[in-house]
Amino acid sequence: MQDFPYNLPLPPLLLFCLAVAAAFAALIHFGLKMAPGPRLAERSSGIAPVMQSIVAVFAALSVTFLSNTVWRAEDLAREAVATEARNLHLVVTYARQMPEATGAAILANAAAYAAAVAGPEWVSMVDEGAHPGAEAALRSLYAGAVLLAPGDTMRGPLLSALDRLSFARDARLAQAQDAVSPTQWTVVLVLMLLLLAVVAICHGRDARARAIALAFSAAAIGISLFGILAHDQPFIGHLAITAKPVLQAAASAPPG
């Protein structure tokens, strides 16, 4: 339930956002028809139309800043997954150049790591963070690298690749739990409600014009909310980042 509405398919998610915006617009529209709505509209008739533009600017800026934050977080999450996969691919490549007994153990641990990441960790990381299975497989990979002879030419590159893989995994786990805060949502939603209220008041004397203006404003607000919600959680929903690059890397296929 806590992932709602992120897990909705994109068309229902868009309809949900439009419906929420339309519901608030309808409440404001019909509220002005009920006492003391007409009196409020009459007393507010002297408000300059520029007030509508001022509130709209603040609402637009808040949505812009929030959208940039969300899309930047999604880019960082994709970059973290790509880096993790790229370095796991290097680990597999180095292991295939080692003697069979040593390389086979590292390859097995790499496969176990990819399976743990793509399976239980990918499912639980948004709510619970790291998974013990992935932690254990990563430790086994490090143990196999450390056991190589100090003079082994593969030891240094393998440890470096594992370090980069570990840092990328930490970044992925951090991005998985990074979402829009309640405070950010509150600021955006309050400004959007203020915009609807100002639009309604500025059209207070003409019910038909008010309804049309609120409909257009609600549509713009609903589409803006849809754009944010569709990208807010990079590992949840129909646009979610998948573990496919990690699985490809463990199979020694070029991650993509």
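The values are calculated or read from the model by the stated rules, or taken from the named source; none is laboratory data. Model, not experiment: these values are computed from the prediction. Because the Cβ atoms are built from the backbone with ideal geometry, glycine has one as well, and the counts that use them run over all protein chains shown. Keep in mind that these areas ignore ligands, DNA and RNA; they rest on the heavy atoms of the full protein, side chains included. Shrake-Rupley method; radii C 1.70, N 1.55, O 1.52, S 1.80 Å.
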For the list (1) touching a Phe, Trp or Tyr at 6+ places or on another chain (Cβ under 8 Å); (2) farther than 26 Å from Thr64 by Cα, I need the number of the one condition that Ile241 fails.
(2)
Could you check, for the stretch 81-92, whether at least one of its residues is more than 24 Å from Met154 (Cβ to Cβ) and modelled with pLDDT of 95 or more?
yes
Might you let me know whether the stretch 41-55 holds any residue that is open to solvent by less than 40 Å² (accessible area, probe 1.4 Å) and modelled with pLDDT of 85 or more?
yes
In the stretch 188-210, anything assigned to a helix (DSSP H, G or I), within 16 Å of Met51 (Cα to Cα) and of a type in the set (Gly, Ala, Ser) is listed as Ala197, Ala200
Ser62 fails exactly one of the following numbered conditions: (1) open to solvent by 50 Å² or more (accessible area, probe 1.4 Å); (2) out of contact with any Asp or Glu (no Cβ under 9 Å at 6 or more places or on another chain). What is the number of that condition?
(1)
How many residues of the stretch 17-36 are assigned to a loop (DSSP other than H, G, I, E, B) and open to solvent by less than 30 Å² (accessible area, probe 1.4 Å)? The answer is 1
With Ala200, Ala207, Ala230, Ala218 as the choices, which residue is touching a Lys or Arg at 6+ places or on another chain (Cβ under 6 Å), in contact (Cβ under 8 Å) with a residue 24 or more places away in the chain and among the aliphatic types (A, V, I, L, M)?
Ala200
Do you know which of the residues in the stretch 147-187 that are small (Gly, Ala, Ser) and assigned to a helix (DSSP H, G or I) is nearest to the chain's Cα centre (by Cα)?
Ala176
Check on Leu162, closer than 17 Å to Val246 by Cβ and either modelled with pLDDT of 95 or more or open to solvent by less than 60 Å² (accessible area, probe 1.4 Å) (or both)
yes
Being acidic (Asp, Glu) and open to solvent by less than 40 Å² (accessible area, probe 1.4 Å) is the requirement here; does Asp232 meet it?
yes
